[in-house]
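*Asks:* Once you've had a glance at the structure underneath, I'll fire off some questions.
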Amino acid sequence: MSRSAAAPTREAAGGGGTDTGDLVLPVVAAGAAGVLAAYAYTRRRRRARTRTTPGGVAPAIVPLAELDRQAQQSLVDTDDCVRTSAEELGLVTARFGDEAVKPYAEALAFARSELAAAFRLRQRLDDPGPESDDERRQLLEEVVALCAEAGRRLDTEAAGFDQLRALEQDAPTALEYAEARFRRLATRTPAAEATLRELRERYAPSASVPVAGYVEQAKDRLLFATVHLNRARQSLDRGDEDLAAACLRAAEGAVDQAAVLVDGVDRLAGELAAAEEQLPIAIAVVEDGLAKARGEPESTADGSPEPAGRVAQAESVLADVRRPLSAGGAQDPLDALRRVARVGADLTDGVLDHVLLPARSSVAIAADFVTTHRGAVGWEARTRLAEAERQLSGELAEAQAAEGLAQRARVLAERDVRAYGHPLGEGAGVGGALLGGILLAGGGPASFGGCRTRGRRAAP
């Protein structure tokens, strides 16, 4: 009952005593307190599960350095599970529709939410701060608990997901679907190769660097898919449905990653073209801001950068960007737009749209790289990427922060891949499948599920 609804009751009662309206606020307050208490209790129970034995006896306290290592590994493993589960869910949704996959979509959404919270805590730990060892321990325990909860939810749905997919029972139909996807993608790969050549001819070398090697990697994944689709077909002919299902799942993962790589080339081409169109507009917006700034005093009372210094910096950047435009030379439109928008942010409010395009491009490029190299990419790059995706919004400062985080994520991911070694060419695409996390360390394909169930299929 609302407060307004309670008023007539109070008047009708005409006097003292406790009526229904008087109880509304206490009941609401008690209910809210109950919800908060239940939430806190659930979180404490979840944390307790990660640091006690099945009998409920607390083990020896894990050293902080070891707990940190556990948290790092939990983030990597859970992120892999979420990415693989999302890929398989996409395949099944395309075949059976949204309604059929609803419980699995809900499980994935829950896992993503828990993982995002874990990455946010990890980023908080990495940011400069005064956390004590006890505070760090609490945050690390929560990271491990969040990842464990995400994995448990996916594990719970793995058996039902397998029943829906029915790879072992209906492998011929699934194989035909996978082969059709493979053929469509195979026809797109030469076109992506031509697109990449055009980018190199039209723009400065830095423009196409983010997708350098993508076509070769797509071909490598397709080679792996070819081998395993053939093995799946042969296994079906022999009546070995289990092996056919394992080969088919591995081939599907390779086709998915080849599509990410080919799409990445096409997307970058579109972004560069869009940046070319936006660049003159952005220059004009910044020039308007410059005209206003030139009339401002040479110093500011609040200690902010002097307008004269901002004007000189902006003029220098604009002159540098205009030079290839006027001379007909090649440049990197995304980088040029990024630089113009960056100096313009201190002069005018009209550069937000021009900041968003390079920022979104950087985040997408980092995400594609992590997705297709996740067998090698560690926790640090994934954490920076997750924070970049969280920060990417319609606000200027957040968009600029997101771009910086995404660029850092790509640098860290590339470092991890170099340390891992690039295994392209090993065993008919097997090296690339391991690098991409399509095959797990034991040789089996990764599947929908958490850490306990994702490797349930035997090595093909």
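The values are calculated or read from the model by the stated rules, or taken from the named source; none is laboratory data. Predicted, not measured: the structure shown is a model, and the values here were computed from it. Glycine gets a Cβ as well: all are built from the backbone with ideal geometry, and neighbour counts include every protein chain shown. Areas reflect the complete protein model, heavy atoms only, side chains present, ligands, DNA and RNA absent. Shrake-Rupley method; radii C 1.70, N 1.55, O 1.52, S 1.80 Å.
*Asks:* Would you be so kind as to identify which of Pro130, Pro103, Ala117 lies farthest towards the positive end of the dipole of region 77-167, taking Lys and Arg as +1 and Asp and Glu as -1 on Cβ and the Cα centre as origin?
*Replies:* The Cα lying farthest towards the positive end belongs to Pro103.
*Asks:* Quick check on region 52-154: take the gyration tensor over C-alpha atoms, sort the square-rooted eigenvalues as a ≥ b ≥ c, and tell me if it's rounded (a/c under 1.5), prolate or oblate.
*Replies:* prolate
*Asks:* Which peptide among 83-94, 221-232 comes first, and what is the full order, when sorted by highest mean count of other Cβ atoms within 10 Å?
*Replies:* Result, highest mean Cβ count within 10 Å first: 221-232, 83-94.
*Asks:* Once you sort the root eigenvalues of the Cα gyration tensor of region 141-267 as a ≥ b ≥ c, which label holds: rounded (a/c under 1.5), prolate (a/b larger than b/c) or oblate (the other case)?
*Replies:* Note, shape of region 141-267 comes out oblate.
*Asks:* Further question on the same structure: Mind running the shape call on region 324-460? Use the C-alpha gyration tensor, a ≥ b ≥ c as the square roots of the eigenvalues: rounded below 1.5 for a/c, prolate if a/b tops b/c, oblate otherwise.
*Replies:* prolate
*Asks:* Mind giving me the FRET efficiency for Asp127 and Glu201? R0 is 35 Å, r the Cβ-Cβ distance, nearest 0.05 is fine.
*Replies:* Here the calculated transfer efficiency is 0.25.
*Asks:* Related question: Toward the positive end of the charge dipole of region 155-211, about the Cα centre and with charges on Cβ (Lys, Arg +1; Asp, Glu -1), which of Thr173, Pro205, Ala158 goes farthest?
*Replies:* Most positive-ward Cα: Pro205.
*Asks:* Round to a whole angstrom and tell me the spacing of the C-alpha centers of region 239-274 and region 214-228.
*Replies:* If we compute the Cα centre of each part, the gap is 9 Å.
*Asks:* For region 363-460, which whole-number percentage of the solvent-accessible area (1.4 Å probe, protein heavy atoms only) is attributable to carbon and sulfur atoms?
*Replies:* Roughly 53 percent, rounded to a whole number.
*Asks:* Given the peptides 124-130, 214-220, 100-106, arrange them by the average over their residues of other C-beta atoms within 10 Å, most packed first.
*Replies:* Top to bottom by mean Cβ count within 10 Å: 214-220, 100-106, 124-130.
*Asks:* How would you rank 390-400, 237-247, 337-347, highest first, on the average number of other Cβ atoms within 10 Å across their residues?
*Replies:* With the highest mean Cβ count within 10 Å placed first, the list reads 337-347, 237-247, 390-400.
*Asks:* May I ask for the distance between the Cα centers of region 91-152 and region 359-396, given as a whole number of Å?
*Replies:* 15
*Asks:* Among residues other than Tyr177 whose Cβ falls under 14 Å from its Cβ, what is the net charge (Lys/Arg +1, Asp/Glu -1)?
*Replies:* +1
*Asks:* Here is a follow-up. Under 12 Å from the Cβ of Glu88, count the other residues' Cβ atoms, weight Lys and Arg +1, Asp and Glu -1, and hand me the total.
*Replies:* +1
*Asks:* Wrap a convex hull around the Cα atoms of region 204-354, take a quarter of its surface area, and give that in square nanometres.
*Replies:* If I average the Cα hull's projected area over directions, I get 12.8 nm².
*Asks:* Also, quick follow-up: Any idea what the dipole of region 149-233 comes to, in debye rounded to 20, about its Cα centre with Lys/Arg Cβ at +1 and Asp/Glu Cβ at -1?
*Replies:* The calculation lands at about 340 debye.
*Asks:* Please give the net charge around Arg202, taking every other residue with its beta carbon less than 13 angstrom from that of Arg202, where Lys and Arg add +1 and Asp and Glu add -1.
*Replies:* Neighbourhood net charge equals -2.
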